[in-house]
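Single-structure report; data block below.
The values are calculated or read from the model by the stated rules, or taken from the named source; none is laboratory data. Remember, predicted model here, so these are calculated numbers, not experimental data. Here the Cβ positions follow ideal geometry from the backbone for every residue, glycine too, while neighbour counts run over all protein chains shown. Remember, those area values only see protein heavy atoms, side chains included, never the ligands or the DNA or RNA. Shrake-Rupley method; radii C 1.70, N 1.55, O 1.52, S 1.80 Å.
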Amino acid sequence: MTELAPLSITEIDLGTLAERSGAIAVFATEDGKLDLNARKVNSLSKKAVARVVDSAAFEKAKTGEAVTVSYPAGLAATKVIVVKMPRRPSVEVARKAGAAIAKARGEDDVLVLGGSMARMADVAFGVALRGYSFTPHKTGAQDALGKIEFMVSAPDEVQAAADVLMAVAEGIVFTRDLTNEPANHLTTTEFANRLKEMENIGLTVEVLDEDKLEDLGMGSLLCVGLGSASPSKVVVMQWNGGGDEAPVALVGKGVVFDTGGISLKPAGGMEDMTMDMGGAGVVSGVMRTLALRKARANVVGLVGLVENMPSDRATRPGDVVTSMKGDTIEVINTDAEGRLVLADVLWYAQERFKPSAVVDLATLTGAVIIALGHENAGVFSNDDALSKAFLKAAETEGEGAWRLPLGAAYDAKLKSRIADMKNVGGGRDAGSITAAQFLQRFIKEGTPWMHLDIAGVASVKEDTVLAPKGATGWGVAALNRLISDAYEAE
């Protein structure tokens, strides 16, 4: 797993500033006011900070952005990073400021003079996430990220907040690593092995192999992997940090590579289908975060791991399969495979764990990208309270999410002539909604459920505020907050 840059949080000591190597970051308000720490750096650097604050570049910079001075006179540091930020920033601005520091420092060590500024833990979170780089398949020595040191007025308080946020950051990085990993390296077996290793942080992890899945009657999930040499698996991760209450169940689609099967995808862009296990990646990252921060809640994470390949054994369009629930499904399109995986894992989660709520995540439909682009995940739910709580959590964490409708008219599109249902609706209209309607058929009456279609946000082709292009780790922070706010014991 990609390691976070080393972080330390210490008391303020300005006596050695002139000799500090690497980068030094200070803060200035929108109107150019400097705190004691910034004024000290300004004095040592022969007014370099003041010149930055008076510059057109600083005036044009948005709140949370930075302007850098390279090789400032009077300092051993290679650069001084001046961040435009109010003394009491929002969470979003503080994390954006941290990301600006991460980009400006490069690989250098960085000393952040936070002083009494608020939300320094969120700034550290931004530095950690924006400094991420996926390099395990690059040859030659890779530069290690330099250390991050924060000097603050209340180090114990900032450290306590940072400890929680670094657990979230580690979950996000774990998700990014899984989602970025090429399919020839992240096979279903390797994926399961990496999850099994999380027993060393306190999770209980079970791997259900194909024989067990056949015994359970998971014909819907198993039909997806028939064309692949990689065995299909379901991995169950349990964190029991609460009392006797029923757990929250998180369910993830883990298609390690999706060719579309017999309904073969076009060649252009197929290489991106290494990220089709993004839902399982997020579930895995959330479970890692909960264990690391020792959450006072009961949560079970279940992921269905398959590979969708064409072969002489592969499921064909027109085949009829039987789900664990017992419902039969006419497979119209083998490229609508994620819902076939989720159907059985959702049913198994409810049968075994009787959860208080179920949340599933999947890179399920291209249609959700047409509807919402890469700014928001699609949210579908049978429970207003659950969806509202999640949307609030997502907004707090700065992770875009938008609720879309469900309804009987959409459900009617799944009617099959020869089976209980089809796996796709007719035509291209409302593709994300009919997919959600399909999943809802595998949710028991009275069970609060939410489906998150993350096809547009799991991996992106341009840098975001907190991530370089590639896997984002979207959803780990929001789901962790949902559990903390709505399900964790006081």
Carbon and sulfur together cover what percent of the accessible area of the range 278-399 at a 1.4 Å probe radius?
48 percent
Grab the Cα-Cα distance for Arg428 and Lys138, subtract it from 0.36 nm times how many residues apart they are, and report the gain in nm with one decimal.
100.4 nm
What is the helix-to-structure angle for 91-105, meaning the angle in degrees between its Cα long axis and the longest Cα principal axis of the chain, kept from 0 to 90 and rounded to the nearest 10?
70 degrees
Taking 56 Å as R0, compute the FRET efficiency from the Cβ-Cβ separation of Met1 and Arg417 and round it to 0.05.
0.70
Of the accessible area of the range 25-179, with the probe set at 1.4 angstrom, what percent is carbon plus sulfur?
50 percent
Could you give the angle, 0 to 90 degrees to the nearest 10, between helix 338-353's Cα long axis and the longest principal axis of the Cα atoms of the chain?
90 degrees
Work out, step by step, the length gained on full extension between Ser55 and Arg88: first 0.36 nm times the residue separation, then minus their alpha carbon distance; give nm to one decimal.
9.6 nm
For the range 113-154, the percent of all C-alpha pairs falling in each 5 Å bin, from 0 up to the bin holding the max distance, is 5, 18, 23, 18, 13, 9, 7, 5, 2
Proximal lysine pairs in the range 107-266, meaning Cα under 22 Å and 8 or more positions apart or interchain, come to 7
For the range 104-177, Rg(Cα) over 2.2 N^0.38 Å is 1.21
Taking N as its residue count, the alpha carbon Rg of the range 416-490 over 2.2 N^0.38 Å
1.51
Taking N as the residue count of the range 26-152, its alpha carbon Rg divided by 2.2 N^0.38 Å gives 1.05
Cα gyration tensor category, rounded, prolate or oblate, for the range 298-347 with a/c compared to 1.5:
oblate
Which log10 I(q)/I(0) values does the range 16-61 give at q = 0.17, 0.23, 0.27, 0.33 Å⁻¹ under the Debye formula, counting every alpha carbon as one identical point scatterer?
-0.47, -0.82, -1.04, -1.31
What percent does the relative contact order of the chain come to when contacts are Cα pairs within less than 8 Å and at least six residues apart?
15 percent
Please give the Cα centre distance for the range 332-376 versus the range 246-288, rounded to the nearest Å.
10 Å
Per residue, accessible area of the chain with a 1.4 Å probe, heavy atoms of protein chains only, in Å², comes to 40 Å²
Taking a temperature of 37 °C and a viscosity of 0.692 mPa s, what whole-number D in µm²/s does Stokes-Einstein yield for the range 131-223 with Rh from Kirkwood over alpha carbon pairs?
191 µm²/s
Return one number: the angle in degrees, 0 to 90 and rounded to the nearest 10, between the long axis of the Cα atoms of helix 384-397 and the longest principal axis of the Cα atoms of the chain.
30 degrees
For the range 315-418, fraction of C-alpha pairs farther apart than 18 Å, in %:
62 percent
Divide the volume of the convex hull of the Cα atoms of the chain by its number of residues and quote the answer in cubic angstrom per residue.
149 Å³
